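Student: I have a structure I would like to understand better, so I am pasting it below and will then ask my questions one at a time.
The values are calculated or read from the model by the stated rules, or taken from the named source; none is laboratory data. Not measured: the values here are computed from a predicted model. All Cβ positions, glycine included, derive from the backbone under ideal geometry; neighbour counts span all protein chains shown. SASA here: full protein model, heavy atoms, side chains in, ligands and nucleic acids out. Shrake-Rupley method; radii C 1.70, N 1.55, O 1.52, S 1.80 Å.
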Amino acid sequence: MTKSLGKLRSMLFVPADRPDRIDKALGCGADALILDLEDSVALGAKELGRRTVRSVLERSAPRAVPIFVRINAVTSELVGADLEAARGADGLVLPKAEGAASLRRLTQMLGENPTPILPIATETPRAIFTLGEYTEVSSRLCGLSWGAEDLPAAVGALTSRETDGRFTAPYEVVRALTIFAAAAAGVSALETVYPDFRDLEGLSAYAARGVRDGFSGMLAIHPTQIPVINAAFTPPDAAVAHARAVVAAFEANPHAGALALDGKMIDAPHLRIARQILARSA
């Protein structure tokens, strides 16, 4: 795995105690799977989940898709056993992350194991005030994501979403801060899940907003969401063609600060965006 998740459009959560679902998920088209040992697995089923994770990781190398494991929080008494089960995973998803301290604690637990880490960085009130710290531990990150389900419960909010599915004002702030925190740390930002897996039209609009705002991929909770997410985070042919034209224009004029292309001015920010589009389309 590389530090960036820029080419992983979709990451699908699968309960680790459901091996039948894992087998189906491996062929659903997701760019990565997240075997979940946290919220979707009841306490009494944790050990079954760990056995399943170990089995999947042992039998699936080399892997058609990267396999991540969502462990329990670093402050949980469950995390040690989770890490033992997750040996050999392509990455770890860290819930309830609270900035650099959480990453350093997990890194100490991992020892010489260099497994990349994807924090879910906004699930506690304190976590919001540590988002800027991920620049200090960026070498261990393979991306940054956020959550809009645990946080409302933690502050006593009734919901994080409007009736049309959009986020309420406090959670739009949290979403935006995650994008900026990921950019500051030099890693990809992953949009959080869309809970209504039957509403594919709403999902399409939601994912499109994510692309517009700077997310490079998205977390999913159901295989039916994967084609919609992959389509949204795959740059269209017209965007790729324009990006190639922007790059070509600056390569032909390496000393220019600004250029005209198709009747419009382009400069350094346009070049950076063009390169990002080409990287995502690879």
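Student: Of (1) under 13 Å from A85 (Cα atoms); (2) surrounded by fewer than 16 Cβ atoms within 10 Å (Cβ to Cβ); (3) in contact with a strand residue (DSSP E or B) (Cβ under 9 Å, 6 or more places away or on another chain); (4) charged (D, E, K, R), D36 satisfies all except one. Which?
Tutor: Just one mismatch for D36, condition (2).
Student: Further, regarding this structure: If the requirement is being within 17 Å of L190 (Cβ to Cβ) and among the acidic types (D, E), which of these qualifies: E112, E136, E162, E123?
Tutor: Among E112, E136, E162, E123, only E123 is within 17 Å of L190 (Cβ to Cβ) and among the acidic types (D, E).
Student: Inspect all residues belonging to region 168-176 and state whether any of them is within 20 Å of K96 (Cα to Cα), touching a Leu at 6+ places or on another chain (Cβ under 8 Å) and open to solvent by less than 20 Å² (accessible area, probe 1.4 Å).
Tutor: Yes; the residues of region 168-176 include at least one that is within 20 Å of K96 (Cα to Cα), touching a Leu at 6+ places or on another chain (Cβ under 8 Å) and open to solvent by less than 20 Å² (accessible area, probe 1.4 Å).
Student: Shifting gears a bit: Right, V228: surrounded by 14 or more Cβ atoms within 10 Å (Cβ to Cβ) and either outside any helix (DSSP H, G or I) or in contact with a Cys (Cβ under 7 Å, 6 or more places away or on another chain) (or both) or not?
Tutor: Spelling it out, it is not the case that V228 is surrounded by 14 or more Cβ atoms within 10 Å (Cβ to Cβ) and either outside any helix (DSSP H, G or I) or in contact with a Cys (Cβ under 7 Å, 6 or more places away or on another chain) (or both).
Student: Name every residue in region 175-190 that is hydrophobic (A, V, I, L, M, F, W, C) and either touching an Asp or Glu at 6+ places or on another chain (Cβ under 7 Å) or outside any loop (DSSP other than H, G, I, E, B) (or both), in order of residue number.
Tutor: A176, L177, I179, F180, A181, A182, A183, A184, A185, A189, L190
Student: On the given criteria, is I277 buried (at least 17 other Cβ atoms within 10 Å of the Cβ), in a helix (DSSP H, G or I) and among the β-branched types (V, I, T)?
Tutor: Answer is yes for this residue.
Student: Can you tell me which residue among A64, A86 is among the small types (G, A, S) and touching a helix residue (DSSP H, G or I) at 6+ places or on another chain (Cβ under 8 Å)?
Tutor: Answer to the selection: A86.
Student: Quick test of your reading of the structure: V193 fulfils all but one of (1) in a helix (DSSP H, G or I); (2) in contact with a Leu (Cβ under 8 Å, 6 or more places away or on another chain); (3) closer than 22 Å to C142 by Cβ. Name the failing condition by number.
Tutor: Here V193 clears every test but (1).
Student: Does S139 satisfy being among the polar types (S, T, N, Q) and either within 18 Å of the chain's Cα centre (by Cα) or at positive phi (or both)?
Tutor: Yes, satisfied.
Student: Any idea which of (1) open to solvent by 10 Å² or more (accessible area, probe 1.4 Å); (2) at pLDDT 95 or above; (3) farther than 17 Å from L94 by Cβ; (4) under 17 Å from the mean Cα position of the chain (by Cα) is the one F13 doesn't satisfy?
Tutor: It fails just one condition, (3).
Student: Out of the residues in region 231-246 meeting the condition of being farther than 14 Å from A30 by Cβ and buried (at least 21 other Cβ atoms within 10 Å of the Cβ), tell me which one is farthest from the chain's Cα centre (by Cα).
Tutor: V246
Student: Residues that are surrounded by 20 or more Cβ atoms within 10 Å (Cβ to Cβ), at pLDDT 95 or above and basic (K, R): which helices (runs of 4 or more DSSP H) entirely in region 51-166 hold 2 or more of them?
Tutor: It comes to none.
Student: Looking at (1) in contact (Cβ under 8 Å) with a residue 12 or more places away in the chain; (2) surrounded by fewer than 16 Cβ atoms within 10 Å (Cβ to Cβ); (3) within 32 Å of the chain's Cα centre (by Cα), can you tell me which one L261 breaks?
Tutor: Exception for L261: condition (3).
Student: While we're on this one: List the number of the failed condition for R212; all other conditions in (1) in contact with a helix residue (DSSP H, G or I) (Cβ under 8 Å, 6 or more places away or on another chain); (2) open to solvent by 60 Å² or more (accessible area, probe 1.4 Å); (3) of a type in the set (K, R) hold.
Tutor: Every condition holds for R212 apart from (1).
Student: Please state which of the following conditions P269 fails to meet, knowing it meets all the rest: (1) in a helix (DSSP H, G or I); (2) closer than 30 Å to G165 by Cβ.
Tutor: The one condition P269 does not meet is (2).
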